[in-house]
């Protein structure tokens, strides 16, 4: 699939909770990436079910300290270390990881197939190595993983408000960081030559985003139009415009909404939907964060200004 949706996954099944919502996307070639939030506030959760062997990793952010549990890799018991709040743990899904959990826990699991790591190596010119350097059962402090995965928490609870451009951008950044920090090569990646996008490409992708108010366009679509990889496109678009594609699209939607608000016959909820927002609440949050004023207050101020202009003109 080309966008993030709520669906079931193997990680949720392992924790005996198959109905937990999961975000999925496909941003790097044909690699499917998925994100699941797992939480249990009770003690003695018990043993997780075995996950069928996958040619993939789980990148886990521990949102809550969980020192009292045991880990098993291919049936061999490993004592976990450094399972504190905010740390990162890497699980190799070729080793059949199982956990016997006695403490309450709260974590985010990012499903990362090796094909995505191979794609990063191909795009950066690094030697292919889809094995990640890590010590099984030992967590590390990684501020980048913590920041990126934490920023996706709101998207899990309200996936309808999370645009694919935003999610794809974060997913690509996370995969690139993991590949470059924990990958098996110390070779520096090749940086693309040149500066930003040529004018025709900039104009074309802006037209595509402008026309996508009522559908979810992805980074992969925009990158393909320019003949670039997702990561190269995202970087050069920001060099060209000073903002990410997702931020540019949000600004365009807000500007479109401001034009619609000049028509007094339209309600704010109608304007929100017409401008591509999930609902009026979503529209209000984005509008206020960008302009420092709510849509209703902006509209009232605009109406007063127009009335004053008409009165002055008549006088």
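The values are calculated or read from the model by the stated rules, or taken from the named source; none is laboratory data. Fair warning: this is a prediction, and the values are worked out from it, not measured in the lab. Cβ: placed from backbone, ideal geometry, glycine included. Neighbour counts: every protein chain shown.
Some notes on this structure:
Residues checked against (1) modelled with pLDDT under 85; (2) under 21 Å from the mean Cα position of the chain (by Cα); (3) not assigned by TED's automatic domain parsing to the domain that holds residue 162:
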{"residue": "187", "(1), (2), (3)": "yes, no, yes"}
{"residue": "207", "(1), (2), (3)": "no, no, yes"}
{"residue": "212", "(1), (2), (3)": "yes, yes, yes"}
{"residue": "215", "(1), (2), (3)": "yes, yes, yes"}
{"residue": "221", "(1), (2), (3)": "no, yes, yes"}
{"residue": "227", "(1), (2), (3)": "yes, no, yes"}
{"residue": "230", "(1), (2), (3)": "yes, yes, yes"}
{"residue": "237", "(1), (2), (3)": "no, yes, yes"}
{"residue": "240", "(1), (2), (3)": "no, no, yes"}
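- Close pairs (8 angstrom Cβ cut-off, 6 or more residues apart or separate chains): free of Cβ contacts under 8 Å to residues at least 24 places away in the same chain in segment 215-228, part of a loop (DSSP other than H, G, I, E, B) anywhere: 223/229
- When restricted to residues that are free of Cβ contacts under 8 Å to residues at least 24 places away in the same chain and in contact with a helix residue (DSSP H, G or I) (Cβ under 9 Å, 6 or more places away or on another chain), segment 35-80 contains 0.
- Counted residues, segment 210-247 - those being within 24 Å of residue 160 (Cβ to Cβ), touching a helix residue (DSSP H, G or I) at 6+ places or on another chain (Cβ under 8 Å) and not in a helix (DSSP H, G or I): 7
- Any hit, segment 126-133, residues being outside any loop (DSSP other than H, G, I, E, B) and either more than 22 Å from the chain's Cα centre (by Cα) or in contact (Cβ under 8 Å) with a residue 12 or more places away in the chain (or both): no
- Against the numbered list (1) without any contact (Cβ under 8 Å) to a residue 40 or more places away in the chain; (2) in a helix (DSSP H, G or I), residue 85 comes up short only at (2).
- Criterion violated by residue 264 - all others in (1) surrounded by fewer than 17 Cβ atoms within 10 Å (Cβ to Cβ); (2) in contact (Cβ under 8 Å) with a residue 24 or more places away in the chain; (3) closer than 26 Å to residue 154 by Cα satisfied: (3)
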